[in-house]
Amino acid sequence: MKRYMKKVFISTICTLLATFASYTQDSTSYIKLTLQEAIILAQIQSVDAAVVLNKLKTAYWEYRTHQADQLPEINFEGTLPSYNNNYSRYQQQDGSYTYVQSNWLGLNGKVSIDQNIALTGGKVSLNTSLDFTRQLGKGAYNEYMSIPVGLTFEQPIFGVNKQKWMRRIEPVRYNEAKASYIENVEEITILTIDYFFNLLDAKASLNIANQNFENATKLYDIAVARRKIGQISESELMQLNLSALQAKGIVTEAQSKLNTRMFQLRSFLGLSEDDLIEPVIPGLAPSFRMNYQTVLEKALENNSVAKNILRRQLEASYAVASAKGEQRSISLFASVGYTGKDTTFEQAYNHLRGNQQIEVGVIIPLVDWGKRKGKVKVAESNREVILSRTKQEQMNFNQNVFLLVENFNNQAGQLEIAEQADVIAEKRYRTSIETFMIGKINILDLNDAQKTKDEAKLKHIQELYKYWNYFYNIRSVTLYDFIADNNLDADFEEIIRK
């Protein structure tokens, strides 16, 4: 199914590009645009899409940095070179001080392989190093000191294991970012629906205004002839003349509104100002009702809200663990290996001697007036606040899903009623015009029929907008396509490489 949807997507893009290319020869392009094509364009080339992509890239590289922290790291440290020619104070055997000249040139380098230990939070390093010193001046000579191999281990004893906590938090954070990316793309879809139906509404208003103006002009011309034979009063004739003038003014307003709405959609989709968009009224999705429990399960499984709640709870627990770890600090440092020194490079690697160092550092507060304990209590209180807030957020989220499902299931019926009312109101208006022409109804009845017809037409478009808005809002919170019956997914590695 995913492979099929990908083929459909690529085919749609190619069709759109071919359609737009066919209009490039003229300064003004006429584009017949469906709702689905508008959505695809917005997801590809809108400014909002670029912002969403950059947010995903930031999250991706943050996660890659975390992954790199778990891998061995090869480092080089060196001083190339260090030159000293100065005087420094020196204490002699009898306790007196004198100043001696220091005149030497030094080089040193160290290569180490460092690895963080997620299980314990420590760090182990395998290293090798070489120091070279040349004493300058009279009796100049060289000296080398080598450490062919050394193993260093650093381990906090009671402190918080940051590596362990990051291994729990960072994958959740990245999954949250991926879900947020798809949700943001769906928000672009919803915004596209708003702009698209705004243009549809403006176009429908202009069509209504033109039709009303044409009918008002015809009725006024007929009324002039009927007035001459005394079938209508002068007051009714002036009323029809006024209606024709008002209808002309409404046409001008509707055209201005259409131009504004078209500019907004063009700008959002990244189209040229020379493109004239002809929006196509969308149909309905396949007839089906959504089940609240099914929708909620998909939402909890895919939506970033659940991942956001879990991440914040983990971070709150990490803050508590960090505060407890700071109550006392004991760290272990151990280094074992071999070292050698000589006046020649080769001999510095012979006659090696042991090179060991072990340190245990301790920081234990004896009297801190409850400062560290207070930090633990603050962290624990913050954790309780986070738990309470996330619980309320989860309840609000579930309620929002319930309302969306109820509104969508109800909207299909509302749309059917609006469609029937549109057809009936249009027939009534036409009948009213014919009846008015033969003098069986007055101008007030005709105006009422026209007003009802106009409202029914716009109501039909509004109910169609609500239908698709509810549908795509449900898609946004569940990250699930109920028409194709699969999860909304993306090749994030491919997206990052764009």
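Scanning the range 78-101 for residues that are open to solvent by 70 Å² or more (accessible area, probe 1.4 Å) and either in contact with a Pro (Cβ under 9 Å, 6 or more places away or on another chain) or among the aliphatic types (A, V, I, L, M) (or both) yields one hit, 80.
Can you find a residue that is modelled with pLDDT of 90 or more, among the hydrophobic types (A, V, I, L, M, F, W, C) and within 30 Å of residue 231 (Cβ to Cβ) anywhere in the range 471-487? Looking through the range 471-487, none of the residues is modelled with pLDDT of 90 or more, among the hydrophobic types (A, V, I, L, M, F, W, C) and within 30 Å of residue 231 (Cβ to Cβ).
Selection over the range 278-291 of residues that are over 20 Å from residue 486 (Cβ atoms) and either open to solvent by 20 Å² or more (accessible area, probe 1.4 Å) or modelled with pLDDT under 90 (or both) gives a count of 6. Is there a residue being among the hydrophobic types (A, V, I, L, M, F, W, C), at pLDDT below 90 and open to solvent by 90 Å² or more (accessible area, probe 1.4 Å) anywhere in the range 440-452? Yes - at least one qualifying residue is present in the range 440-452. Residues in the range 129-147 that are open to solvent by 50 Å² or more (accessible area, probe 1.4 Å) and assigned to a strand (DSSP E or B): 131, 133, 134, 135, 141, 143, 145. Scanning the range 148-165 for residues being out of contact with any strand residue (DSSP E or B) (no Cβ under 7 Å at 6 or more places or on another chain) and open to solvent by less than 70 Å² (accessible area, probe 1.4 Å) gives a total of 3.
Answer yes if at least one residue in the range 104-112 is over 30 Å from residue 160 (Cβ atoms), part of a strand (DSSP E or B), at pLDDT 90 or above and within 46 Å of the chain's Cα centre (by Cα), and no otherwise. Checking the range 104-112: at least one residue is over 30 Å from residue 160 (Cβ atoms), part of a strand (DSSP E or B), at pLDDT 90 or above and within 46 Å of the chain's Cα centre (by Cα).
For the range 102-120, residues that are surrounded by 11 or more Cβ atoms within 10 Å (Cβ to Cβ) and either touching a Pro at 6+ places or on another chain (Cβ under 6 Å) or of a type outside the set (Gly, Ala, Ser) (or both) total 13. Among the residues of the range 233-278, the one identified as among the acidic types (Asp, Glu), more than 24 Å from residue 458 (Cα to Cα), without any contact (Cβ under 8 Å) to a residue 60 or more places away in the chain and assigned to a helix (DSSP H, G or I) is 234. Residues of the range 207-250 being under 49 Å from the mean Cα position of the chain (by Cα) and either surrounded by 15 or more Cβ atoms within 10 Å (Cβ to Cβ) or of a type in the set (Lys, Arg) (or both), which ones? Once the filter is applied, which keeps residues that are under 49 Å from the mean Cα position of the chain (by Cα) and either surrounded by 15 or more Cβ atoms within 10 Å (Cβ to Cβ) or of a type in the set (Lys, Arg) (or both), the range 207-250 yields 208, 209, 210, 211, 212, 213, 247, 248, 250. Looking at 253, 315, 301, 326, just one residue is charged (D, E, K, R), open to solvent by 30 Å² or more (accessible area, probe 1.4 Å) and farther than 30 Å from residue 379 by Cα, and that residue is 253. In a strand (DSSP E or B), open to solvent by 80 Å² or more (accessible area, probe 1.4 Å) and without any contact (Cβ under 8 Å) to a residue 60 or more places away in the chain - does that describe any residue in the range 339-357? Within the range 339-357, one or more residues are in a strand (DSSP E or B), open to solvent by 80 Å² or more (accessible area, probe 1.4 Å) and without any contact (Cβ under 8 Å) to a residue 60 or more places away in the chain. Taking the listed residues 434, 426, the one that is among the acidic types (Asp, Glu) and either open to solvent by less than 90 Å² (accessible area, probe 1.4 Å) or in contact (Cβ under 8 Å) with a residue 24 or more places away in the chain (or both) is 426, with no other qualifying.
For the range 279-312, a residue qualifies if it is of a type in the set (A, V, I, L, M), more than 26 Å from residue 46 (Cβ to Cβ) and part of a helix (DSSP H, G or I), and the qualifying residues are 295, 296, 300, 306, 309, 310.
The values are calculated or read from the model by the stated rules, or taken from the named source; none is laboratory data. What you are looking at is a predicted structure, and each value in this text was computed from that prediction instead of being measured. Please note: Cβ atoms are built from the backbone with ideal geometry, for glycine as well, and neighbour counts cover all protein chains shown. In case anyone asks, the SASA skips ligands and DNA or RNA and just uses the protein heavy atoms, side chains included. Shrake-Rupley method; radii C 1.70, N 1.55, O 1.52, S 1.80 Å.
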